[in-house]
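Colleague: Before I ask anything, let me first share the structure, which is written out below as structure tokens.
The values are calculated or read from the model by the stated rules, or taken from the named source; none is laboratory data. Bear in mind that the values here come from a model prediction, so they are computed numbers and not experimental data. Here Cβ is always computed from backbone atoms with ideal geometry, including for glycine, and neighbour counts include all displayed protein chains.
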Amino acid sequence: MYRRADPSLRHLKSKQVCDEEWTLPIKRTTFTRRRKAVANVVQPSTSSHVVTAAGLQIRALRIKLGLTVQELAAQANVSTAMVSKIENGYVEASVGCLENLARALNVPITELFAQLYEEHDCTYARAADAPKDVIIPGYQSQRLGHTVLGRLRAEFNLITLTERVINFDLLGRTGANFIYMLAGHVLFRCGSQTFLLAKGDSLLLNLTDLHGPEEIIAPPVAFLSVCAFLLG
């Protein structure tokens, strides 16, 4: 029969490698057995928003199916305590665990993160109903849509030039304007520079700079203008 040589080794903490020495009284010889004890530590979540949203969705799906925590745990082959911790957002479950839960809930795994998705309005403009604002003869601006995200506003316009026109903008806004040529040739000014733009060309400029079409080379000219700037 073996006996422990050093009882103080019992007090070694988890996650430490314990070298325990055992003695054989009859032969008066010793040997060493190496044992590694690893604590089962729950790691804190690094993305609490995602963990909370997934937990709430799992609970909602479970209740919708009329399952208890114990029943869901049994079907997903997960401990009841783990399911409870996941639903309350205390732990960040592994992908394998989430797959088991999704299978037990009879939904794709992406459904567990449905609460993270936010719906935003979309803008649909029929060609016949789109407003057309004629600024000056030969210059036509058609508003395709706009969106506001916080203080950022983005406007999308289709600009058509049919005559030689000089129209410079100096709005003093903080933002940028992206232009993509669809047809024709135009000499476009941006600050002290001019650019000859043709179909397929693009230009990105700062709204604080003086800018606009300086001369139409080959009409009609059409380009898409995307303007993004800060409000207020």
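Colleague: Mind checking whether some residue in the range 186-200 is of a type outside the set (Asp, Glu) and either within 31 Å of the chain's Cα centre (by Cα) or under 17 Å from ARG153 (Cα atoms) (or both)?
Modeller: Among the residues of the range 186-200, at least one is of a type outside the set (Asp, Glu) and either within 31 Å of the chain's Cα centre (by Cα) or under 17 Å from ARG153 (Cα atoms) (or both), which makes the answer yes.
Colleague: May I pose another question? Residues to consider are ALA60, ALA93; find the one that is at pLDDT 50 or above and part of a helix (DSSP H, G or I).
Modeller: ALA60
Colleague: Turning to a different aspect of this structure: Note down all Cβ pairs under 9 Å where the first residue falls in the range 104-117 and is within 21 Å of GLY66 (Cβ to Cβ), the second is aromatic (Phe, Trp, Tyr) and loosely packed, with under 14 Cβ neighbours inside 10 Å, and they're at least six residues apart or on different chains.
Modeller: Hits for this filter: zero, empty list.
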